[in-house]
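K.L.:
The structure that follows is given in the form of structure tokens.
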Amino acid sequence: MLISEIGFGGWQLGNDASWGAMTYEEGVKLVKSAYDKGINFFDTAPGYSNGLSEKIIGEALKDDRKEVFINTKFGHNHLNQTDFNVGSIEKSINESLERLQTTYVDSVILHNPPREILEGKTSHQSEFLRMKEIGKIRGYGVSIDTLEDLDLVLNHLDVDVIEILFNINNQSPKILFDKVKDKGILLIAKVPLDSGWLTGKYNAQSNFTGIRSRWDQEVILQRAKIIDKIKAIVHDENLVNTALSFILSFDAITTVIPGVKDIHQLDSNIKSSEFQLSEDIKQKLEKLYEEEIKSLNLPW
Ligand SMILES: NC(=O)c1ccc[n+]([C@@H]2O[C@H](COP(=O)([O-])OP(=O)(O)OC[C@H]3O[C@@H](n4cnc5c(N)ncnc54)[C@H](OP(=O)(O)O)[C@@H]3O)[C@@H](O)[C@H]2O)c1
């Protein structure tokens, strides 16, 4: 299957608590229209909105199952409990299959697992291989945040899929992208808009609720300053297309999965596929990262 370079981030689906998002019906409609508009990669997790994200995706895509790639996760269950026990893998997959109304998942990835798993010191990999053999999953891998995590995975695990936090404000992992590509791993870029900042619509006065209330005033000011500098480089207030095409300009990336709350956001994200980011702007954004952003160690 040829995976669409613009994918669908499913954390927002039906997720009032974290994202102030949408109803079940609106979610189903949004996922269906994403599919109708050419998106065939969908990211979700049991923990997203207590299983509701998987249910919405399952309902929306059940008639087109074979045409889409569904990636779900393991490690944070639908009750918001963290459970990385090897013995829980099959149960978690079975529950995901039920919510997704399907008999297989294209990939299941460890949802920010503890370091010992990334170091290959546990039997997670052999259990995932068993799940592959019995046909419940087609691939497995990890969702991780940092260059250090990526290095561990490449050195200790043998995965099909890696989902990594990567965007203009978090570029460090790119130095290992060639290795990911050489191994033929499907690389997914999560949080591509830096949780909304890289759309260009937030500034120093912005207030955040839900999952984004994690940022204190200092973090907001730091990010606002950086966003102004990015706007000065691209000469545009709207950064969505620049942010997504920047990520897609790296060969190793298969798909980018912006989280979507409505049809307008969906449409604007899809337009990034046709957007041409100039080499000059890309280089300036890489220079800005090296000289000013990297040392800030911006928290997620
Ligand atoms: N640990 C993990 O595995 C992990 C962690 C995080 C995310 N993810 C996955 O990655 C996906 C993306 O990450 P994310 O959702 O955290 O961050 P993101 O994609 O960087 O930002 C998403 C937010 O940006 C805003 N937005 C998106 N498209 C827009 C557009 N075209 N115009 C204006 N605003 C737009 C929306 O919020 P507002 O309109 O409210 O600003 C949306 O909720 C998630 O949905 C999830 O599937 C996985």
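Each value in this text was obtained by applying a stated rule to the coordinates, not by laboratory testing. Because the structure is predicted, anything quoted here is derived from the model rather than measured. No Cβ is skipped: glycine too gets one built from the backbone with ideal geometry, and neighbour counts run over all protein chains shown.
K.L.:
Here are some residues: ARG138, ARG214. Which one is charged (D, E, K, R) and exposed (fewer than 14 other Cβ atoms within 10 Å of the Cβ)?
P.N.:
ARG214
K.L.:
Just to be sure I understand, how many residues within the stretch 175-219 are touching a residue at least 12 places away in the same chain (Cβ under 8 Å) and either aromatic (Phe, Trp, Tyr) or more than 19 Å from SER272 (Cβ to Cβ) (or both)?
P.N.:
Total meeting the criteria: 23.
K.L.:
Follow-up question, since we're still on this one. Please go through the stretch 171-225 and pick out each residue that is away from the ligand (no atom under 12 Å from the Cβ), assigned to a helix (DSSP H, G or I), of a type in the set (S, T, N, Q) and over 30 Å from VAL159 (Cα atoms).
P.N.:
Within the stretch 171-225, SER213, GLN217, GLN222 qualify.
K.L.:
Which condition breaks for TYR24 when tested against (1) buried (at least 22 other Cβ atoms within 10 Å of the Cβ); (2) under 23 Å from GLU95 (Cβ atoms)?
P.N.:
The number of the failed condition is (1).
K.L.:
Just one of the numbered conditions (1) surrounded by fewer than 22 Cβ atoms within 10 Å (Cβ to Cβ); (2) over 20 Å from ASN40 (Cα atoms); (3) in contact (Cβ under 8 Å) with a residue 24 or more places away in the chain; (4) more than 16 Å from the ligand (Cβ to nearest atom) is not true of GLU133; which one?
P.N.:
Checking GLU133 against (1) surrounded by fewer than 22 Cβ atoms within 10 Å (Cβ to Cβ); (2) over 20 Å from ASN40 (Cα atoms); (3) in contact (Cβ under 8 Å) with a residue 24 or more places away in the chain; (4) more than 16 Å from the ligand (Cβ to nearest atom), the one that fails is (3).
K.L.:
While we're on this one: Quick check: anything in the stretch 76-95 more than 16 Å from the ligand (Cβ to nearest atom) and in contact with a Pro (Cβ under 7 Å, 6 or more places away or on another chain)?
P.N.:
Yes, there is a match, as at least one residue in the stretch 76-95 is more than 16 Å from the ligand (Cβ to nearest atom) and in contact with a Pro (Cβ under 7 Å, 6 or more places away or on another chain).
K.L.:
Considering each residue of the stretch 245-300, count those that are β-branched (Val, Ile, Thr) and closer than 17 Å to ASN40 by Cβ, and give that number.
P.N.:
Count: 7.
K.L.:
For SER249, work out the one condition from (1) without any contact (Cβ under 8 Å) to a residue 60 or more places away in the chain; (2) within 17 Å of the chain's Cα centre (by Cα); (3) within 16 Å of the ligand (Cβ to nearest atom) it doesn't fulfil.
P.N.:
That leaves (3) as the condition not met.
K.L.:
With the structure loaded, tell me whether ALA243 is within 16 Å of the ligand (Cβ to nearest atom) and under 27 Å from PHE8 (Cβ atoms) or whether it fails that test.
P.N.:
Criteria met by ALA243.
K.L.:
Looking at (1) farther than 25 Å from ILE162 by Cβ; (2) outside any loop (DSSP other than H, G, I, E, B), can you tell me which one PHE246 breaks?
P.N.:
(1)
K.L.:
Does GLY14 satisfy the criteria of being in contact with a Gly (Cβ under 6 Å, 6 or more places away or on another chain), more than 11 Å from the ligand (Cβ to nearest atom) and more than 22 Å from SER245 (Cβ to Cβ)?
P.N.:
It is true that GLY14 is in contact with a Gly (Cβ under 6 Å, 6 or more places away or on another chain), more than 11 Å from the ligand (Cβ to nearest atom) and more than 22 Å from SER245 (Cβ to Cβ).
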